Every structure is written in C-alpha cells, then in structure tokens.
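A short write-up of the structure that comes next.
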Amino acid sequence: MTVDPLALAHSVAELVRIPSVHPFQFGPKAAEFGDVGELAIAQHLAKRFEELGASEVVLDEAAPGRPNVYGFVPGRTDRLVVVDVHIDTVGVEHMTDPPFDGRIEDGCVWGRGSLDTKATMGIMLTLVDQWRTAGVRPDPTVLLVGSVSEEAGGLLGATRFRPWVEERGLQIDQMIVAEPTELAPIHGHKGLVIMEITTVGKAAHSALPQLGENAIEAMVPVISALQTEHARLQTLTPSTELGNGTLSITMINGGTGGNVIPAHCTIVASRRLVPGEDPNTIFEQMVALARAASPLPITVESLLPVDPDGTMGSRAFYQTADSDFLRLLAGHAGTEPKVAPFGTNALRYNGFANELAVFGPGSIDDAHQATECVAISELARAARVLSAWLDPA
Ligand SMILES: [Zn+2]
C-alpha cells in the first residue's frame, strides 16, 4: 500500500507542534511555549486513537500527571504486536532553530522530536488513517503505545507499560521500540549500572592535616581500582557483537575550601553491561572493589531507579540476529540487523515479546542536536516497511 509522503510529513509535524520536553530538561526557552509536556501529547494521541477507530484507548499514569497512552487497532487475526514510541523529547535550551514549529522545508520536517522519536508515531497514525479510509485491517492487532520518560529519569513509561500488559495476560508476538536506527533493526544494546560512591573522612584545618581524614586522597585508589577493572574487562573474549563491558568515572565532586581537609569526595561510576551480566551482581562487585581500595569508609547509592523486581540497573537487551522478524524488517528496508551503542526502552522489555526490534527512520547521530529534522523520504521508506510488516488487506 503506498502512502502520500506529504501526509506523513504533516502527521509528524502535528506531533512536533505539541511540545513534550522531559521535565528534567525543561527550561526557560521551552517555557515560552507554555506549560505543555507529556500529558498534552498523551491526551492528543488518546483523541487521535479514538478518531481513528481504536477499539480501546487507555491513559495510564506512569508518574503523577505523566500518563502513557495506549490504543488498540483491531487486526484480522488474534496476533498482537506493539509499536512503542516514547513521547518525551530532550530539551530545547541549546537549539538554534525554532523548536516546535514543525515546518516542512527542504524535504524535511523540522523541530524537537521530529526525529527522536515522533516520526514513527506520525507514520503509524497516517497508516491507520489510510487503512480505515480503505476499509482494510492489519493482520495483527496493533497496540500503539506512547510512553513517557525515555530520555531521562529511568524509563518510567516502559517500566509501567510492561506490568500493565502482564496484568491483562496479553501475549505480545512482535514489538518495535521506535528510535532512529536508519531502518536497521537493532537486536541488542548494553545494559547499565550507575552508582555514586562517596569516601567519608573528617574535616580539619589544612595546616594540620594529621587531625583530619582526607576523603579526596582516599578516592584516588578507588578510581585506580575501577580503572583496573575497566582494563580487565577489555581483556575478556566478547560473548556477542556487543563487545565488552566498560566502566567509566563520569563525575567527581569534593572539598569545601582551599584550606580545609575534605570530609567527603563523591564520584559517579557508569558501568555498561553485556549479555549474561546481572546488574545486582555487578553492583555488589563494584562496591566490593571500592571498599577494598579505600582507606576510609565509603557509602554507595544506585543512581538508577530500582526495578519492581529489585534490580539496581538494567540488564543488556539482546537477542540473536537470525529471527524472522529482524529478517523481515531488514529485508523490506534493505538494511542489516545491527547492535547499538545507545540504550532504549528495550532495556525494560527483556523476554517481554516473542521478538523485539529497535527500529525507526533517521539516524541517532542527528538526535539531541541544536537543530533536529527527519527527511520525508525516510518517513516514506519507514512507512513502506511498517505497512509491509503489518500487511493491511
Ligand atoms: Zn529516542
């Protein structure tokens, strides 16, 4: 089924014009456009799903005032597939371009979220509209999901969506997590543990250091131990295309004055996990390394929200590249299945659907930038692949 590229462009542009900056990245520039956010776009999508004949539409709060939105598009069979599109965007404070005008120019749709990742929702709305007009249905029932809080603050939307499905006893056959992947189906990316480690010493006059316990100096061997661990990880034989785990120190803070022995020093350590690594085990290993290295007591805290199952972080998302679903998407798109360096909502979906791919038009290289756009030709290409997958007839 062919789709009018301009209809796709207008559909994406309409979503861009409803600002939905993640609350953590909301600033004065975003505020010029009013107090709008994830709620506004969720409500808009709920209305659109109703207009397009969804059999059920649900607003489901992932956090107060921040609902996911779900819409069931009935299919011809009892197969259920999911298209999960995060509806939040990164901030616009660093943008050099009008953030939310959704203008169509030079063969592209412009504005925050056009690429990452309202594109896929815009395409799906256009396809559903077109099927409805033509009186056809997709093969599977399609559950369209607009999920909140992907860009920051711990994948709250995906974390909420999964139990919602499980409580209803629904079985998902195939699932797309929308992100810009240049239409290469992504079948794996690393997991994550992020922790804050603080050495706890005792303040004193720096003229009398023997009266204090220097927390910054105590942190030196901790950093060194973590660097050694990173180096050790690089010597392992990778189990998958994702390569090896990594460990990086990403923040450091400590001291209160030039003449004060520091009582506290805090670092943030970011550990990327490969398949087979358990976040809680890795967390405990890192704590043990830091504790053994530090001459002073330490405190630790996970900087990722604890999962309902008690996991402090996320396992890697991985499935082999040879699934029928990946082959189908790649075949229609003229691409190859790949793994990705970045994390997505798929971190919350291990073992959730029979088959899962992270997939969408445009390149992640162009996301989160001072300007943002998606090429209309890419929207059209993505629409052809999605339509072929969902097989309207
Ligand atoms: Zn994204």
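Taking the conditions exactly as written (crowded, with 16+ Cβ neighbours inside 10 Å and within 21 Å of Ala316 (Cβ to Cβ)), does Val177 satisfy them or not? The answer is yes for Val177. For the stretch 140-163, the set of residues classified as in contact with a Phe, Trp or Tyr (Cβ under 9 Å, 6 or more places away or on another chain) and open to solvent by 10 Å² or more (accessible area, probe 1.4 Å) consists of Thr141, Glu151, Ala152, Gly153, Arg162, listed by residue number. None of Ala357, Ala288, Ala292, Ala330 is small (Gly, Ala, Ser), at pLDDT 95 or above and within 16 Å of the ligand (Cβ to nearest atom) except Ala357. Checking the stated criteria, Gly191 turns out not to satisfy the condition of being over 18 Å from Leu356 (Cα atoms), open to solvent by less than 40 Å² (accessible area, probe 1.4 Å) and at pLDDT below 95. I need the full set of residues from the stretch 1-30 which are farther than 16 Å from Thr120 by Cα and exposed (fewer than 14 other Cβ atoms within 10 Å of the Cβ), in order please. Result: Thr2, Phe24, Gly27, Pro28. Being of a type outside the set (Val, Ile, Thr), touching a helix residue (DSSP H, G or I) at 6+ places or on another chain (Cβ under 7 Å) and in a loop (DSSP other than H, G, I, E, B), is that true of even one residue in the stretch 190-212? Within the stretch 190-212, one or more residues are of a type outside the set (Val, Ile, Thr), touching a helix residue (DSSP H, G or I) at 6+ places or on another chain (Cβ under 7 Å) and in a loop (DSSP other than H, G, I, E, B). Residues that are under 16 Å from Trp164 (Cβ atoms) and away from the ligand (no atom under 16 Å from the Cβ) within the stretch 63-80 comprise Ala63, Arg66, Pro67, Val69, Tyr70, Gly71, Phe72, Leu80, listed in sequence order.
Among the residues making up the stretch 342-376, those that are part of a strand (DSSP E or B) and either of a type in the set (Gly, Ala, Ser) or outside the structural domain of Glu166 (by TED's automatic domain parsing) (or both) are Ala353, Ala357, Ser363, Ala375. Taking the conditions exactly as written (in contact with a helix residue (DSSP H, G or I) (Cβ under 7 Å, 6 or more places away or on another chain), more than 16 Å from the ligand (Cβ to nearest atom) and over 15 Å from Val358 (Cα atoms)), does Ala152 satisfy them or not? So Ala152 fails the test.
Do we find that Asn350 is closer than 29 Å to Ser302 by Cα and crowded, with 18+ Cβ neighbours inside 10 Å in this structure?
no
Only a single criterion out of (1) open to solvent by less than 60 Å² (accessible area, probe 1.4 Å); (2) in a helix (DSSP H, G or I) is not satisfied by Ala321, namely (2).
Restricting to the stretch 99-121, give me the number of residues that are of a type in the set (Gly, Ala, Ser), crowded, with 24+ Cβ neighbours inside 10 Å and away from the ligand (no atom under 11 Å from the Cβ).
2
The selection criterion, being more than 16 Å from the ligand (Cβ to nearest atom), open to solvent by less than 30 Å² (accessible area, probe 1.4 Å) and out of contact with any Lys or Arg (no Cβ under 6 Å at 6 or more places or on another chain), holds for Val385. When Asp60, Asp78 are checked against the criterion of being assigned by TED's automatic domain parsing to the domain that holds Phe359, open to solvent by 10 Å² or more (accessible area, probe 1.4 Å), out of contact with any strand residue (DSSP E or B) (no Cβ under 7 Å at 6 or more places or on another chain) and among the acidic types (Asp, Glu), a single residue qualifies: Asp78. Listed conditions (1) in a helix (DSSP H, G or I); (2) open to solvent by 50 Å² or more (accessible area, probe 1.4 Å); (3) not acidic (Asp, Glu) are all met by Val222, apart from (2). Among Gly146, Gly169, which is outside any helix (DSSP H, G or I) and either under 14 Å from the mean Cα position of the chain (by Cα) or among the charged types (D, E, K, R) (or both)? Matching residue, one of Gly146, Gly169: Gly146. So, Thr96, is that one in contact (Cβ under 8 Å) with a residue 40 or more places away in the chain, in the same structural domain as Met121 (by TED's automatic domain parsing), among the polar types (S, T, N, Q) and surrounded by fewer than 18 Cβ atoms within 10 Å (Cβ to Cβ) or not? For Thr96, the condition - in contact (Cβ under 8 Å) with a residue 40 or more places away in the chain, in the same structural domain as Met121 (by TED's automatic domain parsing), among the polar types (S, T, N, Q) and surrounded by fewer than 18 Cβ atoms within 10 Å (Cβ to Cβ) - is met.
The values are calculated or read from the model by the stated rules, or taken from the named source; none is laboratory data. Computed from a prediction, not measured in an experiment: that's the story for all the values here. Heads up, the Cβs are rebuilt from the backbone with ideal geometry, glycines too, and the neighbour counts pull from every protein chain shown. For accessibility, only protein heavy atoms count, side chains too; no ligands or nucleic acids. Shrake-Rupley method; radii C 1.70, N 1.55, O 1.52, S 1.80 Å.
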